[in-house]
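The values are calculated or read from the model by the stated rules, or taken from the named source; none is laboratory data. In this text the structure is predicted, and so the values were computed from the model without any measurement. Backbone-built Cβ (ideal geometry, glycine too); neighbour counts: all protein chains shown. These accessible areas exclude ligands, DNA and RNA; they are computed on the full protein's heavy atoms, side chains included. Shrake-Rupley method; radii C 1.70, N 1.55, O 1.52, S 1.80 Å.
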Amino acid sequence: MSVSPAAVGASEPVATPNSASDSAPHSTPASAPHSSPTQAELLDFVRRTASDAELIASLPLDPEGRTWVRLEGPGGSEAWLIGWPPGTGTGWHDHSDSVGAFVTAAGELKEHSLAVRLPADGWKTLELADDVDRSRRLPAGKGRSFGRHHVHEVLNESTDLHAISVHAYYPPLPQMRRFSRSGPILRLEQVERPEDWQ
């Protein structure tokens, strides 16, 4: 696994990771066959990576904005090491057609998710049913995998401690939809593509 110092970035608390072009993903020789990694393989990768104490300690942490480093993921996947200052989060979003996994390496994260598949296109506002909300705490060493179109927000609710996590997605994120939420009302606010993260 390699980490490119040029791939370190900082952002506002709810910004997406910096450009995937900052560090080229691991390339597989043309002669070597590879299959798409499964959710289980992505989860195994992020767990093993999160247990690498030297790598976790190498992530520069910013007191106000999230920081990240691009990693080499398995089978052409997109992977990130992310630092979360106290009180920061992602906001509601999905990962389009990508499957993924993430594990908390230090501190604790909280995930709020929706147990419903949203329509792919053609809507701006939805009213959610009462029983679709899910929440889970993810202390160090805990994580999860998820399928396509998973809608969630991830937060570091601590008032004084950073959290660090490892994430992997396959295929590399083609887009992310960002949502706002007011009670049961979910609104599509923005569609981001990799070129928007530069």
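Summary of values
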read-out: Output for segment 39-89, where each listed residue is farther than 15 Å from Leu173 by Cα, of a type in the set (Ser, Thr, Tyr) and outside any helix (DSSP H, G or I); value: Ser51, Thr67, Thr88
read-out: Pairs with Cβ under 7 Å, 6+ apart, first in segment 175-189 and within 20 Å of Gly100 (Cβ to Cβ) and in contact (Cβ under 8 Å) with a residue 12 or more places away in the chain, second open to solvent by less than 40 Å² (accessible area, probe 1.4 Å) and of a type in the set (S, T, N, Q); value: Gln175/Ser96; Met176/Thr16; Met176/Ser96
read-out: Subset of segment 77-105 that is open to solvent by 10 Å² or more (accessible area, probe 1.4 Å) and at pLDDT below 95 - its residue that is farthest from Thr159 (Cα to Cα); value: Asp97
read-out: Residue match in segment 146-161 (condition: at pLDDT below 95, touching a helix residue (DSSP H, G or I) at 6+ places or on another chain (Cβ under 9 Å) and not aliphatic (A, V, I, L, M)); value: yes
read-out: Filter result for the condition that a residue is over 17 Å from the mean Cα position of the chain (by Cα) and open to solvent by 30 Å² or more (accessible area, probe 1.4 Å), over Glu157, Glu189; value: Glu189
